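Report on one structure; see the data block that follows.
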Amino acid sequence: MNLYNPLLKPCLNSRSLFLNPFTLKTPHLYFANFVNFIHFSKKLGQPLETATTLCSSIQESTFNARAPSSIPSFKLLSQCTASKSVNSGMAIHAYVIKIALLKDLKVRSFLIKFYSKCSFLGLARKLVDESSEPDLVSWSALISGYAQNGHSEEALLAFYEMHWLGIKCNEFTFPSVLKACTATKDLRLGRQIHGTVVVKGFEFNEFVANSLVVLYAKCGNFGDSLMLFESIPERSVVAWNALLSCYVQGDSFVEAVGLFQEMVSSGVRPNEFSLSTMINAFTGLEDSDQGKKIHGYLIKLGYELDPFSANALVDMYAKVGILEDAVCVFEEIAKPDIVSWNAVIAGCVLHEYYKVALGLFEKMISSGTSPNMFTLSSALKACSGLGLRELGKQLHSSLIKMNVSSDSFLGVGVIDMYSKCNLMADAQLAFSRMPEKDLIAWNAMISGYSQNGEDIEAVSLFPLMFEEGVGFNQTTLSTVLKSTASLRSNNVCKQIHALSIKSGVEAANYVVNSLIDTYGKCGFLEDAKSVFEESPIIDFVAFTSMITAYVQDGQGEEALKLYLEMQDRGIRPDPFVCSSLLNACANLSAYEQGKQVHVHILKYGFFSDVFAGNSLVNMYAKCGSIDDANSSFSEIPERGIVSWSAMIGGLAQHGYGKEAINLFNQMLEDRIPPNHITLVSVLCACNHAGLVDEAEHYFTSMEKLFGIEPTQEHYACMIDILGRAGKLDEAMQLVNAMPFPANASVWGALLGAARIHKNIEVGQQAAEMLFALEPEKSGTHVLLANIYASAGMWDNVAKMRRLLKDSKVKKEPGISWIEVKDKGYTFIVGDRSHPRSKEIYAKLDELMDLLKKAGYVPMIEIDLHDVERSEKEQLLLHHSEKLAVAFGLIATPTGAPIRVKKNLRVCLDCHTALKFISNIVSRQIIVRDINRFHHFRNGSCSCGDYW
């Protein structure tokens, strides 16, 4: 007979093609299975003689009709059970049926055990059901098979049936039943079985005791679990491992470490399972140092090749961010399984090494390992991080083919991927196709809309959650509030605030911080302050939100006060807070306080942060210290367009026009493309330096060279440049040639130029446009009146004054500020509210005598009051900037620069007087007005009298 004929090949070559012994009737196929058994015996290292002898015994019994013998069947079934040789075991089963040996309870028990171990639980159950009197061994084998294969409920039902039949459990049955109770978290039944165990006297059996320890621990009853563990007379490493594993799986990592140390101290040598468990514990504690020590023990004890230990090491190194070591351990695994691949890929994604993760994902596919849902979830996150739309779509297709796309966890991953790739239509489609949308899915969708600036959609989706009965959590409210802040919708914010109070989550940190941020961005500072002050726990984020709200609302002093309170509470700032505070100092011209924030930046190690660096440049530039600004600029490690624009703008404002242009050219050499703000700064630099030709070059070529179309700001700068240069006709032509209607900035620039050159016609035209565009502004009336005054048209000056009075437009008073010893002082014209007023006015009188001797003549023609000359001179002498400078001279150390800020343009008389004063007192006086900085030094100004 040809043993390898085509009929037998399926039996020989495939373990997945099984013969059913209950239906097999063809004798020659028995023999085929026997041959198959010899084949597998050789694979398992069994001597050929033994296999042949056993097979011969079967053949003799089958074909020679000898008296049946059960001994060969027991031996063969034991070997098949140990090796899980399914085809061979079924062949023996067929032989047993043929020789009518199935009635033998011992043979039947062996078959039940065989099928249970090989996961053929249906056949095992059939054998039990067909048995006239299934014994304890049969039931134990069946229950064990159910429990081992995850069919816990079936295991418990089989236990109930066995118990009803009056068959008592033994030390081999109890562990399986307890394992089923553990899997179903049925502690009530577990306690009942525990009672039976005690009654039967098996409580000190190692396997039963370990099963009880695991049951109580995994059901959350660690106290009873530990008590049981300590009652075991001789605890082996298996017992210790059982409890260790439960502690780690329950996230009780510190307790697990303590238990491990106790185990080692008691003289029990850990095995690879113990060490793998401890690696997982130190992963949970994020303690890479201790994890490395365990790695050393694994190597020392020769367990480093254990697959479970290797996977635990990869997972540990990946999660704590030591990816080089994770990859190193991973590459030493001979045949990495899906757990290994998932650990290293997920670790890379966790620490945002998205390209590395996708590279490993590609290698995994090439190695022939099929991804599972966890692998694809990690790959989706990597696509989200890199914005890889097409690959993300391909992964989504793979999920659909695997028929797991409806899984909620993966569904959220798909929504997140599409959202971060700015494909909200696809995200919405994926969301709509989810059969069950839980809270996390709704949150992901709302977050996606919010992240992509589709704030109306994000807010609109929120009430639909209520209609679906999903509810909401802190994350939902925080995300919706973020979109509400972008929409500046205070009414929605108040409704969400009320809802948070009603639902009892108003005190949650996320909600509190979001409410503060939203109220602040909506301009409702009092509401933001109320939430801040009423919150039981004020953390770093709450302080940040409140400080930012004050800064954005222009309340820099309040922001600085709050920062001091934050420092008093021991809350450390971050670069963002420091950046916000520096912006507040910049707006206040609070030079000294800005320097203190700079000290904190250095103290906390934020000097390399780009945002903090940019804010330092901006602060020093706006506080009048261009040298400090330049030093901060040079220390920024990676200068972006914001850094360059801040420095160029600072130089321009301080009158260093040529230096600003040179820096701009250096920026272009460094291949940093400008933006529209940079070009505004460049045009301002040309303006302040009187570089008309250079300005025309940049203005006319900005679209061609840099792809930036001129905006209103650019036109206003160019018109101002032409107007100041006396080219009023060209300025008017440019106004008429603008592709959009001129705004107030453009007409204001033209009016300012008309004042300089005393051009009444252009001044009147610009003023008429400004009256229509900004009727509430008093500056237009004043500038036009100045034009009339300079031309001696006093009737028109009087007319302007009457018009200003009749229009009920309130003239903005000139206010000047000066900071001395971290405190700000404010002055208005003729101010006598300062406690040192007598000294201030005495200083002014002293200066006036020195000024007149130096050749200063008061410019009374710029004062529009209808009073005598002497009174006009007195009014000019008492202007706010002169009072501030006089106070600075008496309140600051000799030789120190005096820094003054004014809310309006510095007047011509003060500008002239301050040039004289700087020379007389040998001091640098820095005045920041609404347009620019003036550095008065040695009798001249940095603006070159061109402002």
- Item | Whole-Hz ³J(HN,Hα) from phi, Karplus 6.51 cos²θ - 1.76 cosθ + 1.60, for the stretch 872-882, glycine and proline x | 5, 4, 5, 4, 5, 5, 9, 4, 4, 5, 5
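Going from most exposed to least, what order do ARG802, ARG191 have by accessible area with a 1.4 Å probe? It would help to have the intermediate numbers written out before the result.
On the way: ARG802 140, ARG191 110 Å².
Of ARG802, ARG191, the descending order of accessible area is ARG802, ARG191.
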- Starting from the stretch 318-414, pick out the GluC sites (Glu not before Pro) whose DSSP state is loop and whose Cβ has at most 15 other Cβ atoms within 10 Å. GLU352
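With a 1.4 Å probe and all protein chains kept in place, how do ILE571, ILE232 rank by accessible area, largest first? Could the numbers behind the result be given before it?
On the way: ILE571 30, ILE232 10 Å².
Highest to lowest solvent-accessible surface, that is ILE571, ILE232.
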- Query: How much of THR81 can a 1.4 Å solvent probe reach, expressed as accessible area in Å² and rounded to 10?
  - Reply: 20 Å²
- Excluding GLU761 itself, calculate the net charge of residues whose Cβ lies under 14 Å from the Cβ of GLU761, where each Lys or Arg counts +1 and each Asp or Glu counts -1. 0
- Cross-link pairs beyond the 27 Å C-alpha cut-off, checked among LYS799/LYS915; LYS805/LYS852; LYS799/LYS872: LYS799/LYS915; LYS805/LYS852
- Excluding residues on the same chain fewer than 8 positions from LYS727, give the lysines whose Cα lies under 16 Å from its Cα. LYS758
- Compactness relative to 2.2 N^0.38 Å, alpha carbon Rg of the stretch 314-365: 0.97
- Query: Do any of LYS529/LYS811; LYS393/LYS482; LYS823/LYS901; LYS117/LYS179 go past 24 Å between their Cα atoms, and which?
  - Reply: LYS529/LYS811; LYS393/LYS482
- Message: How large is the accessible surface of LYS595 in square angstrom, using a 1.4 angstrom probe and rounding to the nearest 10?
- Response: 80 Å²
- Message: Need one number for the stretch 80-129: average projected area of the convex hull over its C-alpha atoms, nm².
- Response: 3.0 nm²
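If you filter the stretch 101-139 for trypsin sites (Lys or Arg not before Pro), then keep DSSP loop positions with at most 16 other Cβ within 10 Å, what is left? Can you show the working numbers first?
Working: sites: LYS103, LYS106, ARG108, LYS113, LYS117, ARG125, LYS126; in loops: LYS103.
The qualifying sites are LYS103.
Sort ILE538, ILE648 from largest to smallest accessible area, using a 1.4 Å probe on the heavy atoms of the protein chains. If you can, show how the numbers build up before the last one.
On the way: ILE538 25, ILE648 0 Å².
Per-residue accessible area, sorted high to low, gives ILE538, ILE648.
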- Enter the Cα centre distance for the pair the stretch 330-367 and the stretch 623-695, rounded to the nearest angstrom. 47 Å
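Of all trypsin sites (Lys or Arg not before Pro) in the stretch 647-724, which ones are in loop regions per DSSP and have a Cβ with at most 14 other Cβ atoms within 10 Å?
Sparse-neighbourhood loop trypsin sites (Lys or Arg not before Pro): ARG671.
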- Item | For LEU157, solvent-accessible area (1.4 Å; no DNA, RNA or ligand), Å² | 120 Å²
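Calculate for the chain the 222 nm mean residue ellipticity that helices alone would give, adding -39,500 (n - 2.57) per DSSP H run of length 4 or more and normalising by residue count, nearest 500 deg cm²/dmol. Walk me through the numbers on the way to the answer.
Working: 51 runs with 649 residues, N = 947.
Rounded to the nearest 500, it is -21500 deg cm²/dmol.
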- Item | Part-to-part distance (alpha-carbon centres) for the stretch 154-205 and the stretch 91-111, which is given in Å | 29 Å
- Message: Spelling out what I want: for every residue of the stretch 271-276, take phi, set θ = phi - 60°, compute 6.51 cos²θ - 1.76 cosθ + 1.60 (Karplus), and round to whole Hz; glycine and proline get x.
- Response: 9, 4, 5, 4, 5, 4
- Message: Could you derive backbone 3J(HN,Hα) for the stretch 547-556 from the dihedral phi with the Karplus parameters 6.51, -1.76 and 1.60 (θ = phi - 60°), listing whole Hz in sequence and x where the residue is Gly or Pro?
- Response: 4, 4, 4, 4, 4, 5, 8, x, 9, x
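The values are calculated or read from the model by the stated rules, or taken from the named source; none is laboratory data. Quick caveat, the model's predicted, so the values are computed rather than measured. Positions of Cβ are generated from backbone atoms using ideal geometry, with glycine treated the same way; all protein chains shown enter the neighbour counts. Remember, those area values only see protein heavy atoms, side chains included, never the ligands or the DNA or RNA. Shrake-Rupley method; radii C 1.70, N 1.55, O 1.52, S 1.80 Å.
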